[in-house]
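Notes follow the structure.
The values are calculated or read from the model by the stated rules, or taken from the named source; none is laboratory data. As the structure is a prediction and not an experimental result, all values here were calculated from the model. Quick reminder, even Gly has a Cβ in these numbers, built from the backbone with ideal geometry, and neighbours come from all protein chains shown.
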There are 2 protein chains.
Amino acid sequence: MHAVAASQRDLPVAVFDSGVGGLTVLHECLVSLPHEDFLYLGDTGRFPYGTRSPDELRRFAGELAEILLAEGAKLIVVACNSATAAALPELRERLAGRVPVVAVVAPEARLAAATTRNGRVGLLATPATVASGAYDRALADASGGRAALHPVATAELAPLIQAGGEIDERTVAAVERACEPLLGAGVDTVILGCTHYPLVRPAIQRCLGRGVEIVTSGQAIVDEIERELDAAGSAAPSGRRGDYRFLATGDVDEFRRLGTRFLQLPIATVGHVPVAAPTEVAA
Amino acid sequence: MHAVAASQRDLPVAVFDSGVGGLTVLHECLVSLPHEDFLYLGDTGRFPYGTRSPDELRRFAGELAEILLAEGAKLIVVACNSATAAALPELRERLAGRVPVVAVVAPEARLAAATTRNGRVGLLATPATVASGAYDRALADASGGRAALHPVATAELAPLIQAGGEIDERTVAAVERACEPLLGAGVDTVILGCTHYPLVRPAIQRCLGRGVEIVTSGQAIVDEIERELDAAGSAAPSGRRGDYRFLATGDVDEFRRLGTRFLQLPIATVGHVPVAAPTEVAA
């Protein structure tokens with residue numbers, strides 16, 4: 001830890017995602033690190049990322065990171081599974097020596113490996129995330145091969161949550177279908193591998209039962225952010241009251257309307273930031 | 001523990017409150033005790049209880065308990081501060097030998113006493129609850145006088161939550177005003193002494209900081225329910241999937257509309273149950 005100017009400690013931690021899902025990660029950050037400032041960027045203008053090519057996602061991630069650096073980010077959080085899977089190594093390389101990068105997947109795997117007692121860890125995620133095998137590799141790394149991943153792909157849950165207002169019977173039925181194989185496998189820990197899922201966490205916990213520990217990206221990432229900021233000596237002083245603000249590449253009113261449900265805290269103003277259309281981004 | 005017919009283990013745990021606030025208690029029950037059946041009765045036709053006389057509340061509590069016993073309740077939970085303060089001893093006497101009664105206040109005090117390390121416990125509650133002194137006495141009992149209560153009365157928070165959809169800046173400002181004296185007193189544990197407050201728990205936790213433990217009625221009551229059911233040998237078998245249903249003395253559509261936000265799980269149908277108008281109830 002080297003000396004850092006006071007002003008750097010007051011800079012914001014930046015979080016980006018393809019849309020509003022990453023706001024559940026920001027939620028945990030705001031609740032657990034209230035002394036830090038945060039800046040959230042939702043690339044809603046190019047949402048969803050699930051159907052984009054890895055090459056496109058690498059370009060998007062680089063472009064968003066430069067916007068966040070220009071806004072003074074002292075650390076960048078990739079709160080998006082698709083962007084993490086496609087772009088993390090390249091993004092870390094691009095930003096090396098400038099700011100640390102924290103992303104989903106590895107932190108949840110580490111927390112799950114530390115949590116499980118019977119070595120059986122469940123994963124609830126979208127088909128694309130399950131197919132990527134990212135959590136399998138991360139859990140194998142984190143546990144030294146001692147924990148086995150039991151992944152369940154559910155295509156229906158994220159769209160139901162994105163569309164929905166209050167939780168309904170259809171969503172609970174989808175949760176029950178998703179949890180059934182995990183109960184069968186006898187898992188004692190379940191990773192919510194999609195940032196939308198914390199919104200239905202009570203239904204998931206009720207279905208899994210009290211004996212199963214749930215691990216979310218937000219929870220896991222908070223610890224990583226703290227560690228990185230401490231290592232860089234750029235953590236904000238613990239006494240202060242932090243602030244948070246928002247940027248979106250798409251419609252800002254839509255962002256605020258949808259986002260408050262995901263954040264569970266007020267969203268005051270949302271700034272608009274232009275990005276290149278997918279085909280216009282320079283390689 | 002004596003032999004209990006299998007059918008009794010399958011009977012519901014009943015929860016009553018003056019309105020929808022107690023649904024945050026039911027929420028914790030459904031998440032933590034998914035194998036039990038629950039029946040919730042909201043006396044919405046005579047809401048709010050805050051302005052009723054103790055004598056009225058004793059009559060209401062007796063009347064509601066008889067309705068719930070007729071519905072087969074194996075345990076009754078009083079999820080209402082006003083009813084607990086006014087009617088608990090008489091209700092316990094009335095139901096002695098029939099079903100156990102679990103109520104708010106004492107369980108939270110016991111959990112807070114077990115949680116605090118520095119002996120300074122905060123309370124956020126309505127002016128009526130703070131004025132009753134019920135939590136002061138309960139905490140003194142639970143801690144053997146070792147923990148001191150720092151109560152904060154807030155008149156504005158429950159109405160803001162009852163009215164509100166998504167959390168806004170005004171609600172956060174009310175939370176901050178309420179938490180300020182608790183931060184000043186250096187509490188390390190805070191009891192949410194009103195069943196509405198868990199809906200703004202993220203804002204409260206962000207304001208208090210991660211080092212302060214929050215204790216809710218729901219959390220605390222779940223443990224008491226388990227203990228009582230185990231003592232009576234009437235706990236449901238842990239493998240089964242429990243059910244839950246609702247009764248209201250007022251408008252059932254209004255109950256469902258407001259209630260889903262408090263329960264965070266679906267409310268299918270709500271049955272109507274008539275009760276005497278306040279002035280008609282026999283003493």
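For region B:178-187, filtering for residues that are surrounded by fewer than 24 Cβ atoms within 10 Å (Cβ to Cβ), within 14 Å of chain A (Cβ to nearest Cβ) and either in contact (Cβ under 8 Å) with a residue 40 or more places away in the chain or in a loop (DSSP other than H, G, I, E, B) (or both) leaves 1.
Put simply, of A:173, A:155 the only residue that is in a helix (DSSP H, G or I), aliphatic (A, V, I, L, M) and not assigned by TED's automatic domain parsing to the domain that holds residue A:11 is A:173.
For (1) of a type in the set (S, T, N, Q); (2) away from chain B (no Cβ under 12 Å), each residue gets a yes or a no:
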| residue | (1), (2) |
| --- | --- |
| A:176 | no, no |
| A:189 | yes, yes |
| A:212 | no, no |
| A:227 | no, yes |
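I'd like the residue in region A:200-225 that is of a type outside the set (Val, Ile, Thr) and within 17 Å of residue A:81 (Cα to Cα) and, out of all such residues, is surrounded by the most Cβ atoms within 10 Å (Cβ to Cβ). Restricting to residues being of a type outside the set (Val, Ile, Thr) and within 17 Å of residue A:81 (Cα to Cα), the top hit is A:217.
Has region B:76-99 got any residue that is of a type in the set (Val, Ile, Thr) and either surrounded by fewer than 22 Cβ atoms within 10 Å (Cβ to Cβ) or over 15 Å from the mean Cα position of the chain (by Cα) (or both)? Checked against the condition, which is being of a type in the set (Val, Ile, Thr) and either surrounded by fewer than 22 Cβ atoms within 10 Å (Cβ to Cβ) or over 15 Å from the mean Cα position of the chain (by Cα) (or both), region B:76-99 yields at least one hit. Using the structure shown, decide if residue B:201 is without any contact (Cβ under 8 Å) to a residue 12 or more places away in the chain, within 23 Å of residue A:260 (Cα to Cα) and part of a helix (DSSP H, G or I). The answer is no for residue B:201. Can you confirm whether residue B:47 is out of contact with any Cys (no Cβ under 8 Å at 6 or more places or on another chain), among the aromatic types (Phe, Trp, Tyr) and within 20 Å of residue B:126 (Cα to Cα)? So residue B:47 fits the description; yes. Set side by side, the residues B:48, B:12, B:34 differ, and just one is modelled with pLDDT under 95, farther than 15 Å from residue B:224 by Cβ and surrounded by fewer than 24 Cβ atoms within 10 Å (Cβ to Cβ), which is B:48. The residue that is nearest to residue B:261 (Cα to Cα), counting only those in region B:5-56 that are within 13 Å of chain A (Cβ to nearest Cβ) and touching a Ser or Thr at 6+ places or on another chain (Cβ under 6 Å), is B:24.
Does at least one position in region A:224-246 carry a residue that is more than 18 Å from residue A:21 (Cα to Cα), without any contact (Cβ under 8 Å) to a residue 60 or more places away in the chain and assigned to a helix (DSSP H, G or I)? Spell out the reasoning first.
Narrowing region A:224-246 to residues more than 18 Å from residue A:21 (Cα to Cα): A:224-243.
From what is left, the residues that are without any contact (Cβ under 8 Å) to a residue 60 or more places away in the chain are A:227.
Applying the additional criterion that residues be assigned to a helix (DSSP H, G or I) yields A:227.
Yes: one or more hits.
For region A:226-272, what are the residues that are buried (at least 19 other Cβ atoms within 10 Å of the Cβ), farther than 16 Å from residue A:26 by Cβ and touching a Ser or Thr at 6+ places or on another chain (Cβ under 7 Å)? A:249 - this is the single residue of region A:226-272 that is buried (at least 19 other Cβ atoms within 10 Å of the Cβ), farther than 16 Å from residue A:26 by Cβ and touching a Ser or Thr at 6+ places or on another chain (Cβ under 7 Å).
Kindly evaluate residue B:161 against the criterion of being in a helix (DSSP H, G or I) and within 14 Å of another protein chain (Cβ to nearest Cβ).
Details: in a helix (DSSP H, G or I): yes; within 14 Å of another protein chain (Cβ to nearest Cβ): yes.
Considered against the rule, which asks whether it is in a helix (DSSP H, G or I) and within 14 Å of another protein chain (Cβ to nearest Cβ), residue B:161 comes out as yes.
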